[in-house]
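Read the structure below first, then the notes.
The values are calculated or read from the model by the stated rules, or taken from the named source; none is laboratory data. Computed from a predicted model, the values in this text were never measured in an experiment. When we count neighbours, we look across all protein chains shown, and the Cβ atoms used for this are built from the backbone with ideal geometry, even at glycine.
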């Protein structure tokens, strides 16, 4: 869940770019270039922290996890948050205190203290916590605008392999319709087939 995936990412280009008033001395790391234009990013390198092996009794139930996730997202410094009841982990992407930007920030200790106040006591040792750098542009912004793949489910009644073969057949048929050979034109195979009504017996 991310309260800003749609709102923030969709409006980034309007709010933060294109920049025509880039001043000398400003860090290039604050900008990205697309089609010859520079866009200012609200974040660059931020943090992603995952707390695992949580006590399921403290998570209580799924509604309680949903409320905790919502309360985490109320912090301006928290960009994404996920509280998983079944897998017993909490993952937070946030603008940490040492980040090189002018946005709202918070420390990891503040996150830990807040969750303890909500009744969930996370462990910060190497076995139960992983914190890593998170590139906002590459891993969130660019992924949303230039997704590496589009997931497509096969239609009802088709297996994935059958649909894959059918897609290839359709692509070949489409190409042949757009680039007909001499014999296709001669026998009218380049024209779309029109369904004809069957013979009707009149009284």
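Of everything in segment 36-69, what is out of contact with any strand residue (DSSP E or B) (no Cβ under 8 Å at 6 or more places or on another chain) and over 20 Å from residue 108 (Cβ atoms)? Give them in sequence order.
36, 37, 42, 56, 57, 60, 61, 62, 63, 64, 67 - these are the residues of segment 36-69 that are out of contact with any strand residue (DSSP E or B) (no Cβ under 8 Å at 6 or more places or on another chain) and over 20 Å from residue 108 (Cβ atoms).
Could you grab the pairs with beta carbons closer than 7 Å, sequence gap of 6+ or different chains, first residue in segment 174-185 and at pLDDT below 75, second one surrounded by 11 or more Cβ atoms within 10 Å (Cβ to Cβ)?
If the second residue must be surrounded by 11 or more Cβ atoms within 10 Å (Cβ to Cβ), the pairs left are 184/176; 184/190.
Within segment 55-84, how many residues turn out to be within 27 Å of residue 135 (Cα to Cα) and surrounded by 15 or more Cβ atoms within 10 Å (Cβ to Cβ)?
Qualifying residue count for the region: 15.
Pick out the one residue from 142, 153 that is at pLDDT 70 or above and surrounded by fewer than 12 Cβ atoms within 10 Å (Cβ to Cβ). Give the derivation first.
Details: 142 fails: surrounded by fewer than 12 Cβ atoms within 10 Å (Cβ to Cβ).
The match here is 153.
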